[in-house]
1. Determine if the stretch 176-193 includes at least one residue that is closer than 17 Å to residue 150 by Cβ, at pLDDT 75 or above, exposed (fewer than 13 other Cβ atoms within 10 Å of the Cβ) and not charged (D, E, K, R).
2. Check residue 51 against each of (1) in contact with a helix residue (DSSP H, G or I) (Cβ under 6 Å, 6 or more places away or on another chain); (2) at pLDDT below 95 and name the one condition it does not meet.
3. When residue 53 is evaluated against the numbered criteria (1) free of Cβ contacts under 8 Å to residues at least 24 places away in the same chain; (2) over 29 Å from residue 229 (Cβ atoms); (3) small (Gly, Ala, Ser), which criterion, by number, is the only one it fails?
4. Does residue 122 count as within 21 Å of residue 70 (Cβ to Cβ) and at pLDDT 95 or above?
5. Which ones in the stretch 203-252 are among the aromatic types (Phe, Trp, Tyr) and surrounded by 15 or more Cβ atoms within 10 Å (Cβ to Cβ)?
6. Which count do you get for residues in the stretch 16-36 that are farther than 15 Å from residue 73 by Cα and touching a strand residue (DSSP E or B) at 6+ places or on another chain (Cβ under 8 Å)?
7. Quick one: which helices (runs of 4 or more DSSP H) sit completely within the stretch 23-112 and have at least 2 residues that are touching a Pro at 6+ places or on another chain (Cβ under 6 Å) and over 15 Å from residue 13 (Cα atoms)?
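The values are calculated or read from the model by the stated rules, or taken from the named source; none is laboratory data. None of these values were measured; they are calculated from a predicted model. All Cβ positions, even for glycine, are placed from backbone atoms using ideal geometry, and neighbour counts span all protein chains on display.
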Amino acid sequence: MMAPARIALVTGAGSGIGQAVSVGLLRDGWHVALVGRRATALEETAALAEGAAGRARVLPADVTDPAAVRRVFGAVREAWGRLDLLFNNAGVSAPAVPLEDLTVEQWRAVVEVNLTGVFLCTQEAVRLMKAQSPRGGRIINNGSISAHVPRPHSAPYAATKHAVTGLTRATALEGRAFDIACGQIDIGNAATDMARGYAKGVLQPNGSLAVEPLLDVQHVVDAVRYMAGLPVTANVPFLTVMATGMPYMGRG
């Protein structure tokens, strides 16, 4: 007898960690809904997973738009009938300036994607996971080292990632009665386009610039794959993965 299909939805799937995790899941045999703003980028992600034809579904959407999020989850339900994994990965940052120089618009833009977007997708996932049979599923939130300690000039990003930790805890609490596991992966300096500047020098709390080591993104993929592969009777509430030499322990 063939094992039942495993269904995942990944936000921010068009680049970076979201793309790498999506490809890893597809190569593991998952059916994956690829969600992001740009259809062309999502199509590129789907093409990277050789042999995954028919298991990747490109669903362009803005995660800050409640109607668009509902459409995406409706499309997953219609196509596959259930959802086993949501990876809340989409995230943005604001310009690296002192917090008093940020505009309200810059602050709100980060809050809308990093927090409200995670909430909207979580809400729809929980609704679907409660109603499906067999019941339950898993939600993994992409936190950050910044969910624990901020970098200089990163108030919106750090604030939203701290808030994601609260949402992770609340979701795990509310979901456990319905076989919904929720955990968070906190990633430090993964070698994606977003973080490559860290290898040239990044601002430290004492005002200096320092080169910081990068983590091969495959280690992030493997960590998510481990969390995703657990039965819903087991959960990893928080997992941190980073380069050993990263200035995190004792930062500042």
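1. no
2. Single failed check for residue 51: (1).
3. (2)
4. Yes; evaluated as a whole, the condition is true for this residue.
5. Those that are among the aromatic types (Phe, Trp, Tyr) and surrounded by 15 or more Cβ atoms within 10 Å (Cβ to Cβ): 238, 248.
6. Here the count works out to 8.
7. So the answer is 104-111.
This table checks each residue for (1) among the charged types (D, E, K, R); (2) in contact with a helix residue (DSSP H, G or I) (Cβ under 6 Å, 6 or more places away or on another chain); (3) over 21 Å from residue 219 (Cβ atoms).
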| site | (1), (2), (3) |
| --- | --- |
| 27 | yes, no, no |
| 36 | no, yes, yes |
| 62 | yes, yes, yes |
| 66 | no, yes, yes |
| 69 | no, yes, yes |
| 75 | no, no, yes |
| 85 | no, yes, no |
| 101 | yes, no, yes |
| 106 | no, no, yes |
